[in-house]
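Heads up, the thing below is written out as structure tokens.
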Amino acid sequence: MSIKSDRWIIEQAKKGMIEPFADRQVREGVISYGVSSYGYDMRIADEFKIFTNVNNTVVDPKNFDEKNYVDFKGDVCIIPPNSFVLAKSVEYFRIPRKILTVCVGKSTYARCGLIVNVTPFEPEWEGYVTIEISNSTPIPAKIYANEGIAQVLFFESDEDCLVSYADKKGKYQKQMGLVTAKL
């Protein structure tokens, strides 16, 4: 398995792997996004699901209650203390069969106590990424739409996997919006 460079990412983007695609790292006045040396810094869109306990529900991944969230759309989202939001990526990803990705949060947000969680993009998964951003601090935290949130690292295997995400008809395949837990 090897990590892929900026050259490989740019070539794959030309084939539709990432849309829209920023072919350089954009940094001026924003939390950076776009291609980097060995990854791609994806952005978050302006749609958010803010976790709330106002309805006194239980978080159950087998029987998820949409009342756990308040929908919000805007350029800035405030994450309540010790809470989290779901967001979706600006970019739509199409992962090749020999590729697996790992995402890590941007250091700018990490230094503010925000933790970004994104599961790996499996071979042949495609869609907008659902991103969880946790505020581990006791005070509200601000995140910015259309700016960088996490770096995607691409790893290539020496051979094709036996069963890809598309082959197994994964439940989050081709997700178009913010998708909450499914069984």
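The table below gives the values:
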| item | result |
| --- | --- |
| Residue within the range 26-35 that is farther than 16 Å from residue 93 by Cβ, of a type in the set (Ser, Thr, Tyr) and modelled with pLDDT of 95 or more present | yes |
| Extreme residue, surrounded by the fewest Cβ atoms within 10 Å (Cβ to Cβ), among residues of the range 1-25 that are free of Cβ contacts under 8 Å to residues at least 40 places away in the same chain and among the hydrophobic types (A, V, I, L, M, F, W, C) | 10 |
| The range 26-44: number of residues that are touching a Ser or Thr at 6+ places or on another chain (Cβ under 8 Å), assigned to a strand (DSSP E or B) and surrounded by fewer than 19 Cβ atoms within 10 Å (Cβ to Cβ) | 1 |
| Output for the range 62-77, where each listed residue is part of a helix (DSSP H, G or I) and within 16 Å of residue 88 (Cβ to Cβ) | 66 |
| Filtered residues of the range 142-175 (kept if part of a strand (DSSP E or B) and either touching a helix residue (DSSP H, G or I) at 6+ places or on another chain (Cβ under 6 Å) or β-branched (Val, Ile, Thr) (or both)) | 143, 149, 152 |
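For every residue, the table says whether it meets (1) under 28 Å from residue 5 (Cβ atoms); (2) buried (at least 20 other Cβ atoms within 10 Å of the Cβ); (3) more than 13 Å from the chain's Cα centre (by Cα).
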position	(1), (2), (3)
83	no, no, yes
92	yes, no, no
100	yes, no, yes
113	no, no, yes
120	yes, no, no
145	no, no, no
152	yes, yes, no
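The values are calculated or read from the model by the stated rules, or taken from the named source; none is laboratory data. The model shown is predicted, which means the values in this text are computed figures rather than measured ones. Don't worry about glycine lacking a Cβ; one is built from the backbone with ideal geometry, like all the others, and counts go over all protein chains shown.
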